[in-house]
Amino acid sequence: MLLRARLVVAAARWRVPILARHAQSLSKPAVRVPDHNANIFNDTLQQIQLSLSKRDLPAVLEFWKTLKERDLHRLLSSTYLARISVLLVEEILPKNPRDDLPAPHRDVFEQIALASAASKSPAALEALLRYHLARRELDTIISLHDQFRSISEAPIENDGVEQDEDSEDSEQDFYAYQQSNYNTSSPSTVSEINIALITTTAYLLHHKDFKGAVGVIRNAPRLHHYTVKEFLSKIDDEDLRASLDSWLTRLQYARMLDRPKSYAIHLRKMGSSKNVSALVIHYNAMVDGIDGPDPYIAADPSRINEKRLVAMNERLWTAFLSAFLAAGVRERAEHLWVDLGRFRVPHTAPMWNALIDAFREQGQTESAYQTYLQMQKEGVKPGPLTYRAIIAALMIDKRRLDMAWRLFKEFQDKLQPHVESIHAIPVYNSYLQGLLNHGMLEQALDIFDFLETNLKEQRPAPRLDIVTFNMLMSYFARRSDLKNVSLLLNKLVELSLTPDVFTFSVMMSALIKAGNMDATERVFRLMESMGIQPTMVTYATIIVELLREREDKFLAEALKILDSMEGKGNDLSPNLMVYEAFLVELWRVPWLPIDQGAMIVADILSRTKRRRMSISLNMFSLIIRVALTEGYPDGVELAWKLYKELGKHKYRIPAKLLLVLLEGMIQHGEVGNALQICSEINKAGMKQSVTLSNLFRQVDMMRRARGRVPKHP
């Protein structure tokens, strides 16, 4: 009997940590549950499960009350909360908004809907808010939304603003990927978006409170055109629909301005892809928000007030400037420059630096130099980054090496004594890289020796850093000079500098070029001997660097590292981003024979399947594009299979991917498939464009004889 009593006590204690699986911390972290409450929770949970299976709502609500009285309702898992909330909607919420929600059930409905929404099952809260909106109970909507936000997790700053729906991002934040690759088409996310849209509508009807609406959208998931379109289509009042549509456009820009780092990356991507039309739309929206009839954007953060709720900042003005120049629309950049004066925003040194860098990237050395001169004429003092930019630009042209040297000396004499080493070393590295690019090794080694002496003697002057080492090691690695690579590595250790992942990438490249068959093993043994534990990011970054060499032997090593990662523990095994980055880099500039490239794609897909990974929308898009490449073996079948899988995963298929699929099916003569895609395009409500019209016309011509003509959206 005593033994049995001990077992019962042990079992009760054992239950407590199990509750962590159910815990969904809403307003505060989970706390330790006393043993008697653990018993109550587990017993009540069993009763709730039984009542749910019988659809016995009164019993479910009674058991909810039992948990709520002991503050144990917070420990219910999202699965149970979702099931309870669905039953509530089906059994209690009036179908006709003119009917009142029964008073005894109203409070408990709100409690459960909020708890369920906070645990990522927001459908009940959405249904409840729709009911209140139909009844124009605006204060109730706003109050419920405030409660929802107060118990929900804080939003992620980098939630995909910078990522186009069908972009193939090469950013190598391999750990953060799982969060940033958030499925914005999942049912729970769509419900969260609808909750934000309902609340925004309430603020519009509630004295046109735009400030309140900004607070809603800045914390909501990113809105997509199809979500907004579907929501607006259900509003019968034309004036309200038009007003809300206008508000939502502005609110989405306000949301992006609230995330300047992400927005700046997004703008740069538009520039690098030469998406001029999108850039112009974004820029015109900024100008209208600053200088239009109903301003809500400040031209500078210091001017934010009750009316101007968000602001452009130096980073974003510079991002627009760089993007216009990268897209090849210099006149737009010049127009922006004039607008800055009109909005009383000073032309700061970072803006001038961005201009110089943009001209350098386009190989326009003279324009870069003239910009530098104009900067000085306008009284803006060049800083270390200005010298870095202009020296790098001048070093492109061998005829301007003397001018670059003079500016380098000017920096040493005038500015270097007044700046810290960390700010001066980029200027040295920029000049050193230029010398190496022109094969001027002796001069580069003179600078290296100078920096090394400063480091050894701990002078305040610029000192060697790991970037300097990597540049010089890369120079020798490209020439298969393994001896000097090894000497530099020894010197690096001697100077107590810590190598980074690129150092080891260079080492591996040098070994492979020199014909070492065990390059991978040697490099990782070297890391181990230096006390450096490779992480998943280390492995993945080295893979990408190897693939950039675009040679069979480097590809073989990359695959070998992938094999090694898959045999490691959880911390080192590749996540989906690693596989995706592998394919993105492999196909960025296609160099493999098409059949060999297809084998690699099949291999990567089999690896993800073997490890039971659900591939992302980005990966689907990438492989579909690749499969439709001319000559890809069974490419049409693969692309169509993946397209169908996208539907099973309930992804919202991006407009650009639908166009790629339609064009590919037309080119391969797959008219039946093309017609299905036309139907999907119509359902998606894709905006009319010249490209879309031409594709529909081609399908029309191909199938006119059979009378199955796609209707243009």
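Take Val493: with every protein chain present and a 1.4 Å probe, its accessible area is about 80 Å². Could you tell me the calculated FRET efficiency between His423 and Asp56, based on Cβ-Cβ distance and R0 = 60 angstrom, to the nearest 0.05? The calculated FRET efficiency here is 0.30.
Provide the three semi-axes, in whole Å and in decreasing order, of the ellipsoid equivalent to region 358-506 as defined by the square roots of 5 times the Cα gyration tensor eigenvalues. All intermediate terms of the calculation are to be shown ahead of the outcome.
Values: eigenvalues 154, 69, 29 Å².
Whole-Å semi-axes of the equivalent ellipsoid: 28, 19, 12.
Tyr203 contributes about 30 Å² of solvent-accessible surface, heavy atoms of the protein only, 1.4 Å probe.
Seen from Pro350, the other residues with C-beta closer than 11 Å to its C-beta sum to a net charge of -1, counting Lys and Arg as +1 and Asp and Glu as -1.
Computed over region 343-404, the range of Cα coordinates on each principal axis works out to 39, 20, 17 Å, biggest value leading.
What the Cα atoms of region 292-410 give is an Rg and a Dmax of 16.1, 55 Å.
Using a simple spin-label model with pseudo-atoms 7 Å out from Cα toward Cβ, His668 and Arg98 lie 5.5 nm apart. Averaged over its residues, the chain has an accessible area of 48 Å² per residue, based on protein heavy atoms and a 1.4 Å probe.
The distance separating the Cα centre of region 201-258 from that of region 432-472 comes to 55 Å. Each distinct pair of alpha carbons in region 467-594 adds a 1/r term; the inverse of their mean, the Kirkwood radius, is 15.0 Å. Label-to-label distance, Arg459 versus Gln443, with points set 7 angstrom from Cα along the beta-carbon direction: 2.0 nm. Look at the alpha carbon pairs under 8 Å that are at least 6 residues apart: their mean separation over the length of the chain gives a relative contact order of 7 percent.
Amide H contacts of Ala311: Ala298, each under 5 Å away and 5 or more positions distant or on a separate chain (H built 1.01 Å from N in the peptide plane; Pro and chain starts excluded).
Computed from the Cβ-Cβ distance with R0 of 41 Å, the FRET efficiency linking Arg399 to Asn284 stands at 0.50. For region 411-457, the gyration tensor built on C-alpha atoms gives an oblate shape. Its axis ratio a/c (a ≥ b ≥ c) is at least 1.5, and a/b is not larger than b/c. Counted residue by residue at 0.36 nm each, then reduced by the alpha carbon distance between them, the extension gain from Ser606 to Glu521 reaches 28.1 nm. Highest mean packing first, where packing is the average number of other Cβ atoms within 10 Å per residue, the peptides 91-101, 43-53, 260-270 line up as 260-270, 43-53, 91-101. Our Cα-only numbers for region 525-617 put the radius of gyration and Dmax at 13.4, 42 Å. Available extension along the chain between Arg548 and Arg697 is 49.6 nm, counting 0.36 nm per residue and deducting the alpha carbon span. Applying 0.36 nm per residue to the separation of Val537 and Gln412 and subtracting their alpha-carbon distance, the gain on full extension is 41.3 nm. Phi angles across region 205-213 convert, under the Karplus curve 6.51 cos²θ - 1.76 cosθ + 1.60 with θ = phi - 60°, into 3J(HN,Hα) values of 6, 8, 6, 6, 7, 5, 4, x, 5 Hz, Gly and Pro given as x. Hydrodynamic analysis of region 192-298 uses the Kirkwood radius over alpha carbon pairs. Inserted into Stokes-Einstein at 25 °C and 0.890 mPa s, it gives a translational diffusion coefficient of 167 µm²/s.
What is the diffusion coefficient of region 181-243 in µm²/s, taking the Kirkwood radius over Cα pairs and the Stokes-Einstein relation at 20 °C with a viscosity of 1.002 mPa s?
Value of D from the Cα-based Kirkwood radius: 175 µm²/s.
For the chain, the Kirkwood hydrodynamic radius comes to 30.1 Å, computed from all pairs of different C-alpha atoms.
How far is the Cα center of region 117-152 from the Cα center of region 353-376, in Å? After rounding, the separation between the Cα centres reads 53 Å. In the chain, helical runs assigned H by DSSP with n ≥ 4 each contribute -39500 (n - 2.57); averaged across all residues and rounded to the nearest 500, the mean residue ellipticity at 222 nm is -21500 deg cm²/dmol.
The eigenvalues of the Cα gyration tensor, multiplied by 5 and square-rooted, give region 52-150 an equivalent ellipsoid with semi-axes of 21, 16, 12 Å from largest to smallest.
A Förster distance of 35 Å, applied to the separation of the beta-carbon atoms of Asp71 and Thr249, puts the FRET efficiency at 0.20.
For the chain, the share of accessible area belonging to carbon and sulfur comes to 51 percent (1.4 Å probe, ligands and nucleic acids excluded).
The values are calculated or read from the model by the stated rules, or taken from the named source; none is laboratory data. All values reported here derive from a predicted model rather than from experimental measurement. Backbone-built Cβ (ideal geometry, glycine too); neighbour counts: all protein chains shown. These area figures cover heavy atoms from the full protein model, side chains too; ligands, DNA and RNA do not enter into them. Shrake-Rupley method; radii C 1.70, N 1.55, O 1.52, S 1.80 Å.
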